[in-house]
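The block underneath contains the structure these notes are about, expressed in structure tokens.
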Amino acid sequence: MRVLVTGGAGFIGSHFVKRLVRAGDEAVVLDKLTYSGNRANLEGVGAEFHAADICDPHAVEEAVQGCEAIVNFAAETHVDRSILGPADFIQTDVAGTQVLLDRARRADIRLVQVSTDEVYGDLEDGGRSREGDPLRPSSPYSASKAGGDLQVLAYVRTYGVDASITRGANTYGPNQYPEKLIPLFATNALEGEPLPLYGDGRQRREWLHVEDHCAAIELVLREGRPGEAYNVGGEERENLDVAARILELTGADEGLLRHVEDRPGHDRRYALDTAKLRALGWSAAAAFEEGLAATVEWYAENRAWWEPLRSGEYRAYYEQQYAHRLA
Ligand code: NAD
Ligand code: DAU
């Protein structure tokens, strides 16, 4: 299979590209190389690369030549950045998705939209989100991802496009840009810098190893039904426990943990019902304890990958997001 992987230079997309190539498939990558896109993630992989924006229909048309499917990872992905400025999120996650759907329609090829559990909103009172539940996004990021999902469903219904959606939980593993909870706290702990935990730290997330997430996306690409969404869940943990475990694994001082001003509109809990994906044959291979330990070890051993990222644009963002919280 020859597949166009948009956003393939990012965290999850680059693992997916490697997975396809390992399986003997051909991957064509289209990526705008925003702050989180990184050519180093694809070093030696042997995938055709197009440095371009998914919002550019001509670039997409050129890259998709000869492909049987598009898997769309391209997005603005960080909730905190979406709170600082939502415009890029609407542009890429909504308008960009529409450009890809249009191309899938015209080329008559399959599309998988990589979406998120955040589209369901939070579940403070227990229970698990199922694929048919109403979408109640809380942040500009999750609202833009929900917009992408709704476009996919509209294109299936209106034009008969062959498209499915995956809704994944919080994903962790090697090569994740160090702005989200696990890579931020791991790299800060390794540098002896404070770990800024929002609010009481009792928020809960499901943690999904990147390889398990990619296996699910591949399964949906090959066997998912048009117009259907598939939840990809993980192991539920409180943020406080994840932070404490990272301190243990790095051997950093417990005093580095700081409770700081909360994220506005912060969702307390996500949890997914994964029966639909399990019925296709998926189950997670990684246990969170081992997966987290291996991930922290990866960051400890691969400073050359992340140290250059924690300067320039990153520092400016970090100051804006955390300086007043940590003051
Ligand atoms: P990431 O930020 O590491 O990667 C995003 C990639 O998209 C980058 O390579 C970036 O350069 C590229 N990109 C951004 N805008 C683009 C544009 N306009 N045109 C082309 N390329 C563009 O993010 P990630 O964590 O790998 O997430 C990938 C996908 O998975 C996203 O759609 C995200 O919503 C979804 N997702 C992420 C998680 C998670 O926990 N990380 C969980 C569930 C779903
Ligand atoms: O649930 C899937 C989503 O997971 C993906 O769709 C998003 O792309 C991804 O960013 C992630 O969103 P979250 O907001 O859940 O992830 P983040 O790592 O930013 O935060 C996880 C939890 O940790 C959340 O409750 C906020 C908290 N947190 C995060 C950061 C960055 C802190 O307490 N301090 C921090 O500095």
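The values are calculated or read from the model by the stated rules, or taken from the named source; none is laboratory data. Because the structure is a prediction, the values reported are computed rather than measured. Heads up, the Cβs are rebuilt from the backbone with ideal geometry, glycines too, and the neighbour counts pull from every protein chain shown.
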- Message: Which numbered condition in (1) in a loop (DSSP other than H, G, I, E, B); (2) under 25 Å from P178 (Cα atoms); (3) more than 9 Å from ligand 1 (Cβ to nearest atom) is the only one that S36 fails?
- Response: (3)
- Going through the range 154-171 in order, the residues found to be within 9 Å of ligand 2 (Cβ to nearest atom) and touching a Phe, Trp or Tyr at 6+ places or on another chain (Cβ under 6 Å) are N170
- Message: Between a residue in the range 42-55 that is near ligand 1 (Cβ under 9 Å from one of its atoms) and any residue that is among the basic types (K, R), which pairs come within a Cβ distance under 6 Å, given they are 6 or more apart or on different chains?
- Response: D53/K32
- Query: Of the residues A186, A146, A163, which is outside the structural domain of Q91 (by TED's automatic domain parsing) and buried (at least 20 other Cβ atoms within 10 Å of the Cβ)?
  - Reply: A186
- Item | Test: residue in the range 128-141 that is closer than 21 Å to G8 by Cα and touching a helix residue (DSSP H, G or I) at 6+ places or on another chain (Cβ under 9 Å) | yes
- Filter result for the condition that a residue is more than 12 Å from ligand 1 (Cβ to nearest atom), touching a strand residue (DSSP E or B) at 6+ places or on another chain (Cβ under 8 Å) and not hydrophobic (A, V, I, L, M, F, W, C), over S164, S142, S138: S164
- Message: Report every pair of residues separated by at least 6 positions or lying on different chains whose Cβ atoms are under 8 Å apart, first residue within the range 278-298 and more than 18 Å from L190 (Cβ to Cβ), second assigned to a loop (DSSP other than H, G, I, E, B) and β-branched (V, I, T).
- Response: W282/T274
- Message: Can you tell me which of (1) of a type in the set (A, V, I, L, M); (2) more than 11 Å from ligand 1 (Cβ to nearest atom); (3) more than 23 Å from D262 (Cα to Cα) is the one I83 doesn't meet?
- Response: (3)
- Task: Return the residue satisfying two criteria in turn: it lies in the range 95-130 and is part of a helix (DSSP H, G or I) and within 16 Å of ligand 2 (Cβ to nearest atom), and of such residues it is farthest from C55 (Cα to Cα).
- Result: Y120
- Out of curiosity, is R81 part of a helix (DSSP H, G or I), surrounded by 16 or more Cβ atoms within 10 Å (Cβ to Cβ) and in contact with a strand residue (DSSP E or B) (Cβ under 9 Å, 6 or more places away or on another chain)? no
- Do we find a residue being surrounded by fewer than 16 Cβ atoms within 10 Å (Cβ to Cβ), in a helix (DSSP H, G or I), within 16 Å of ligand 2 (Cβ to nearest atom) and not hydroxyl-bearing (S, T, Y) anywhere in the range 56-64? no
- Item | Test result for A74, within 9 Å of ligand 1 (Cβ to nearest atom) and touching a residue at least 12 places away in the same chain (Cβ under 8 Å) | yes
- Residue by residue through the range 137-165, note down the ones that are under 17 Å from V79 (Cβ atoms) and of a type outside the set (F, W, Y). P137, S138, S139, P140, S142, A143, S144, K145, A146, G147, G148, D149
